1. Of the residues that sit in region 206-223 and are at pLDDT 85 or above and either among the basic types (K, R) or more than 19 Å from the chain's Cα centre (by Cα) (or both), which one is surrounded by the most Cβ atoms within 10 Å (Cβ to Cβ)?
2. Can you pull out every residue in region 177-200 that is within 30 Å of M409 (Cα to Cα) and touching a Pro at 6+ places or on another chain (Cβ under 9 Å)?
3. Taking T420, is it in a helix (DSSP H, G or I), at pLDDT 85 or above, touching a helix residue (DSSP H, G or I) at 6+ places or on another chain (Cβ under 9 Å) and open to solvent by less than 10 Å² (accessible area, probe 1.4 Å)?
4. When you scan region 305-321, how many residues do you find that are of a type in the set (A, V, I, L, M) and open to solvent by less than 10 Å² (accessible area, probe 1.4 Å)?
5. Does region 329-349 include one or more residues that are modelled with pLDDT of 90 or more and either closer than 30 Å to A139 by Cβ or part of a helix (DSSP H, G or I) (or both)?
6. Tell me the residue from T466, T472 that is polar (S, T, N, Q), open to solvent by 10 Å² or more (accessible area, probe 1.4 Å) and either modelled with pLDDT of 85 or more or assigned to a helix (DSSP H, G or I) (or both), please.
7. More than 16 Å from T497 (Cα to Cα), open to solvent by less than 40 Å² (accessible area, probe 1.4 Å) and either free of Cβ contacts under 8 Å to residues at least 12 places away in the same chain or of a type in the set (A, V, I, L, M, F, W, C) (or both): does that describe M253?
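The values are calculated or read from the model by the stated rules, or taken from the named source; none is laboratory data. Since the model is a prediction, treat every value here as computed from it, not as a measurement. FYI the Cβ positions are ideal-geometry reconstructions off the backbone, even for glycines, and counts take in every protein chain you see. With ligands, DNA and RNA removed, areas are computed over all heavy atoms of the protein, side chains included. Shrake-Rupley method; radii C 1.70, N 1.55, O 1.52, S 1.80 Å.
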Amino acid sequence: MSENLESQQDDETIESLRDTLKHFGTADYLVFIAMLLSCTVVGVYFGYEDYQKKKRIKNARRGSEAMDYLVGGRNMKIFPVAMSLVASCISGIALLGTSTEIYLYGYQYSFILIGYLIAAYILHHSVIPIFHELQITSAYEYLQLRFDKKVRLFGSVMFSLSTLLWMPIAIYVPALAFSQTTGMDVHMITPVVMFICIFYTCLGGIKAVVWTDVIQIMIMYGTLILINIKGTYEAGGLAVVIERNIESGRLSMPDFRIDPTIRISFWTMIIGGTFFRTYVGINQSMIQRFMALKNVHVARKCQITYIAGIFILNLMCYYNGLLLYASYHDCDPLTTKLAKAKDQIMPLYVMRILKNLPGLSGLFIAGVFSASLSSLSTALNSFAAVVLEDFCKPYMKDEISEKMSGIIMRATVLIVGIITVALVYVVQHMGSVLQLAMTVPSICFGPMLGVYIIGILIPWIEKRATLYGALTGCTAMIAFISKVQTEIARGNITYPTKPVSVEGCTYKFNAVNITNILHNDDPEEPERDFFHLSFLYYTLLGSTIVIVSSVIYSFIFGFSDPSDVDLRLLAPFIRKYFEVKSDEKEQEMMKCVNGKNPQKIEYDEDERDMACAVLS
């Protein structure tokens, strides 16, 4: 009886402490509402601008509606597009989860930035030139040009599934942080924020998405700078932050072991990170922004600006992780249950250090929501592009009118947005959202990267072998990740975290069941098997299965003659190794000029003329 009373008293003490950290005042609400209103105004502005443009140009050329809505007329500026790319790559999941990763497992994760650089170099010299030369809107149009409609359909379906599975997670994380700081129910805030996202994406298209991203990325930078400065001051200075993290092993030399079952090592970050980031660069959300720029030279400059921006943002997130440990080095909130889940550590910390500064808690929540809104609006706009270009145009006998194109794109944004809000109810019952965000899309990422590698680098593999290889890879990844998630749920796959302590806690908590305090400097390594493979190798695994199985299928269906492949579909640096027969090239040019090339996607007159000019 006395033990139960003591436990109840402890719980009440922790609950009262949580309540003191819920201090979302009027100034905070005003800051948060101002962010949402700014997004709305941008959407209205660009929607009105497009409306006026259509009134001035009565005889707009065919395809202009989709071109304006999806790629901004291919004439957008470098800085806003670069900032949009940064914003869309940093969701609320990454903004909160990256810092928690450093707090739990140490600074090793930061070496993934080297993988970013390698992936950027690969994209700079292969993917960006190819797509700009082809002047296509959907990344999956490439798959039809290189293979056929079936492979294109596979790519479009994979993108649609991964996006639909990821989007509710992306909106749930910031809503959870908002709920922790205000007490408002998650399902009250998600429909409101998602409606605003749908509104400005529907109204203004990619221009609204890009410029709201610029506003949102500025809020993110401001939020992170504020936390970095205030957190360092609260911890007692930079020297204290570094010293505490070195003592705990969070700031240490990289782990150079080659073992792929080590969760985070130097080679995991370099190799796995490179493959993961390469696929992200080929994703429709990224390609669509690069295609909104005038030409390949402008796109390459934009990519350099984007990489610089993503580096700065990530480094600030990593430093936040060090600040978390410097603050909680002697009182781990997970062990005491002050934070009920890993996803709550960062909001808990920010609410504590900003509690006496009106409006700044609102700025933090605005920053987290900005990260998610930018990713969500990007995903919605890209989804509209895929539905129009990949699911409608290739399969409709009659030409789609300008008005119908607009209806299809905006209806897609609305429907997908509603589905996303509904799926939040499912996500909240599926465990760690961060784990879901990393594993669920991996089913699609690896197989799709394998298909693109074959298309760009291996002209000997033909369409049937590629399709069957992709299906094999996808099936294998579903089986693999399902097995991994089952083993994690059973507790058979665990990863030791860095040491924590509760010796300095100033509040009461139930100490009966504490098992998470690690003071052992040399913890025993658990036995590992293939299913312990690091999550960053999932993309590499999926793509390898596709490539190997496609080669095997090629022995059954036969290999292609590389000279039959259009050189524009191959990476520029390997084109010199393959020559197109002159008579075949002349035939191809004539078909293109006549608009009767069955291997090509239907272009309007201007786009076909441009494609033919490049081909000739």
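1. T223
2. Residues satisfying the conditions are I189, T190, V193.
3. Details: in a helix (DSSP H, G or I): yes; at pLDDT 85 or above: yes; touching a helix residue (DSSP H, G or I) at 6+ places or on another chain (Cβ under 9 Å): yes; open to solvent by less than 10 Å² (accessible area, probe 1.4 Å): yes.
Judged against the criteria, T420 is a match.
4. First, the residues of region 305-321 that are of a type in the set (A, V, I, L, M): 307-308, 310, 312-313, 315-316.
From the residues that got through so far, the ones that are open to solvent by less than 10 Å² (accessible area, probe 1.4 Å) too are 310, 313.
Residues meeting the conditions: 2.
5. No: region 329-349 contains no residue that is modelled with pLDDT of 90 or more and either closer than 30 Å to A139 by Cβ or part of a helix (DSSP H, G or I) (or both).
6. On the way: T466 fails: open to solvent by 10 Å² or more (accessible area, probe 1.4 Å).
None of the other options fit; the residue is T472.
7. Numbers: more than 16 Å from T497 (Cα to Cα): yes; open to solvent by less than 40 Å² (accessible area, probe 1.4 Å): no; either free of Cβ contacts under 8 Å to residues at least 12 places away in the same chain or of a type in the set (A, V, I, L, M, F, W, C) (or both): yes.
No.
Every residue, every condition in (1) in contact (Cβ under 8 Å) with a residue 60 or more places away in the chain; (2) surrounded by fewer than 23 Cβ atoms within 10 Å (Cβ to Cβ), yes or no:
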position	(1), (2)
K149	yes, yes
S160	yes, yes
M167	yes, no
M184	no, yes
V193	yes, yes
G204	yes, no
